[in-house]
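So the structure is just underneath, and the comments pick up after that.
The values are calculated or read from the model by the stated rules, or taken from the named source; none is laboratory data. Here the structure is a predicted model, which is why all the values come from computation and not from measurement. Please note: Cβ atoms are built from the backbone with ideal geometry, for glycine as well, and neighbour counts cover all protein chains shown.
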Amino acid sequence: MSISQKLKERNGELCELCNSEPATHEYTVSPKNDESIENQVALCNTCLEAIDSKDASFHWRCLEGSIWSPEPSVQALSYRILQNYKEEDWANNLISSVDLDENVTQWALSAFEVADVHKDAYGNILENGDTIVLTQALNVKGTNFTASKGTVVKKIKLVHDNVEQVEGKINDQTIVILCKYTKKN
């Protein structure tokens, strides 16, 4: 996307992240929309390409400067990128050293939010305590039985860190069941 003159001029026509190359793209920091310059960051080609790269750690050392920008959109994007490298000492130290406004931090971290929604084979939303029916016979690993198609499983529990699984009791044993083999009753 081309860049508006007003956005380009905000940082002296330089990229707002690396401050070393000419700004050539306007980048809207999601989930905001691009109707306002306050939601955008002026980027160079190098930074735009590095955003989607998994191994651009060395390039992002430039965020040591941009995280201190007075622009909330630049702060949010810098903080979001740093989160991808938080296991590295330099990024973790930088994250720890800044005290951003809570709204900016939430804006930055919104990209990592994943809806914790468990759905059965028919798209119905499953909740803790629901009753389900198996839509297919399942071999239960670690046991000597097969849970037959049509087996009713009462009072399921959602597996918190995996939206594709629920837990339930069959034959007095708690097992993990893939949601794609269930139907909400």
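Numbers for the structure displayed
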read-out	value
Enumeration of residues in the stretch 136-164 that are polar (S, T, N, Q) and buried (at least 16 other Cβ atoms within 10 Å of the Cβ)	THR151
Residues of the stretch 1-42 that turn out to be farther than 23 Å from GLU113 by Cβ, in contact with a helix residue (DSSP H, G or I) (Cβ under 8 Å, 6 or more places away or on another chain) and not in a loop (DSSP other than H, G, I, E, B), as a count	7
Of the criteria (1) under 22 Å from the mean Cα position of the chain (by Cα); (2) farther than 25 Å from GLN106 by Cβ, which one PRO72 fails	(2)
Residue, farthest from the chain's Cα centre (by Cα), within the stretch 39-66, restricted to residues that are among the hydroxyl-bearing types (Ser, Thr, Tyr) and more than 24 Å from SER97 (Cβ to Cβ)	THR46
VAL176 vs. criteria outside any helix (DSSP H, G or I) and modelled with pLDDT of 95 or more	no
Some residue of the stretch 165-180 being under 30 Å from GLU113 (Cβ atoms), surrounded by 12 or more Cβ atoms within 10 Å (Cβ to Cβ) and of a type in the set (Gly, Ala, Ser)	yes
LYS86 being basic (Lys, Arg), surrounded by 12 or more Cβ atoms within 10 Å (Cβ to Cβ), under 30 Å from the mean Cα position of the chain (by Cα) and modelled with pLDDT of 95 or more	no
Count of residues meeting criterion [outside any strand (DSSP E or B), more than 22 Å from the chain's Cα centre (by Cα) and not basic (Lys, Arg)] in the stretch 134-162	12
